[in-house]
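Here is the structure we will look at, set down as structure tokens.
The values are calculated or read from the model by the stated rules, or taken from the named source; none is laboratory data. None of the values given here were measured: they were computed from a predicted structure. Every residue, glycine as well, gets a Cβ built from its backbone with ideal geometry; the counts of neighbours run over all protein chains shown.
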Amino acid sequence: MILNLLLWILSGFGLVAIVACGYDLAVGFNRWQRRIHIGRWNDVSAWESALENRGRRWFKRMPIVPKLDNDRLIVLDKIRGQYSNPTIQSWQCAGLVLGLSSTGNDGFRTHFIDDAGNWRHIPVNIDFALLAYSLMSESDSHSLDAAMKQIYELILSVKGDNSAVPYRRGMNEVRFVDTIGFICPFLVRYGVDYAVPEAMELARRQIDEYDDMLLAGEVNFPPHAIDCTRRLPLGVYDWGRGIGWYILGVTESYRCLPESDFKEYLKNRIIKLAGQLLQFQKSSGGWGSSVFISDSPAEGSVTSLAGLLMVEAYKITGNKTYLCAAEGAIKQLMAITQRNGALDMCQGDTKGIGNYSVRYGYMPFAQGMALLLVKRFKDAHA
């Protein structure tokens, strides 16, 4: 009797092990086979169409960007609820919507906003401000009045008594560069559309607070985070997507602002940052996940966002060096796009300050940024 029970228990463990290992092998095989013939894109329009088609499919069923880097026992991560994070998914969706909206695809708001103008799922973190901004980029943003006011009030509630907005409640002394990309475009657009100058002023304080801590010397890049109490940088200055978050916040805010001293400040910041970032562009046209390290692999999200910066710098200055840099970024992105239209080689989610992912794969956010880049590049090149 005991022997039979032990055999059943061992058989059960064996079955679980087989299922877990089999799932890992299937995931690994699928990742490998998707990369066969990667980068064989010779026509920009065909590549853009493939990006858009893949993005549309993803919007209907958004792929998960894993919270962890584990390649083994993934099933156990899913069972424990440690595989995905709704907050990560919010900015994945935001970037994809922003990119797809640039191609003329409207109508995304009904997926997130009900007929009464309220969020179908109540936002709880400031990351959702980027999704709100993406929806405002569609026409007739005033039909979203209630939902947009809710996001603004959420930002103010997280801000509390601080001069600027922390990444999360309870982290009052620390600022993260991600927050600039998440909230500043929304704050500026909300301030302009709804005549709320306090929103634009908050965006300026958010950027000013960070700009006081830029890397000193010839290259003024933002750190991953800052300790406001001790006025110290936290993490590294060359995290690729971190620079990308800063780029997104600055360039999108600039595009939304009317003429003002704040807009003039952002214009000069864009030109200076673009010129400094040029020296770290790889011969292949991309930028690495660690920008300062020459053999760091070209990464999809920073390359897309750096390309957007270059397009904006070209529009401001008319200097074709920036347009050529943006074209190089597009060529690099084409070289890391799978045959099914999925942009590859995007660094996974960051685990903490200075703790960066070693996993590279597709990312809906970067897919959207690549779409936005090629659209704006064509507009600027016309």
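Quick notes
- The helices (runs of 4 or more DSSP H) located wholly in the stretch 236-327 that include 1 or more residues which are out of contact with any helix residue (DSSP H, G or I) (no Cβ under 9 Å at 6 or more places or on another chain) occupy 261-278.
- Scanning the stretch 187-202 for residues that are within 28 Å of Ser102 (Cα to Cα) and within 18 Å of the chain's Cα centre (by Cα) turns up at least one hit.
- Residues of the stretch 248-289 that turn out to be in contact (Cβ under 8 Å) with a residue 60 or more places away in the chain, under 21 Å from Tyr362 (Cα atoms) and not aliphatic (A, V, I, L, M), as a count: 1
- Listed by first and then second residue, the pairs with beta-carbon distance under 7 Å, at least 6 apart or on different chains, first residue in the stretch 196-223 and more than 18 Å from Cys184 (Cα to Cα), second among the charged types (D, E, K, R) and surrounded by fewer than 17 Cβ atoms within 10 Å (Cβ to Cβ), are Asn220/Lys272.
- Residue-level check: of (1) at pLDDT 90 or above; (2) touching a strand residue (DSSP E or B) at 6+ places or on another chain (Cβ under 9 Å), Leu130 misses just (2).
- Just one of (1) of a type outside the set (Asp, Glu); (2) at pLDDT below 75; (3) within 16 Å of Ala366 (Cα to Cα) fails for Leu51. It is (2).
- Members of the stretch 178-199 that are of a type outside the set (Phe, Trp, Tyr) and either crowded, with 24+ Cβ neighbours inside 10 Å or not assigned by TED's automatic domain parsing to the domain that holds Ser134 (or both): Thr179, Ile180, Gly181, Ile183, Cys184, Pro185, Leu187, Val188, Arg189
- Hey, Ser253 surrounded by 23 or more Cβ atoms within 10 Å (Cβ to Cβ) and either in the same structural domain as Asp193 (by TED's automatic domain parsing) or in contact with a Cys (Cβ under 6 Å, 6 or more places away or on another chain) (or both) or not: yes
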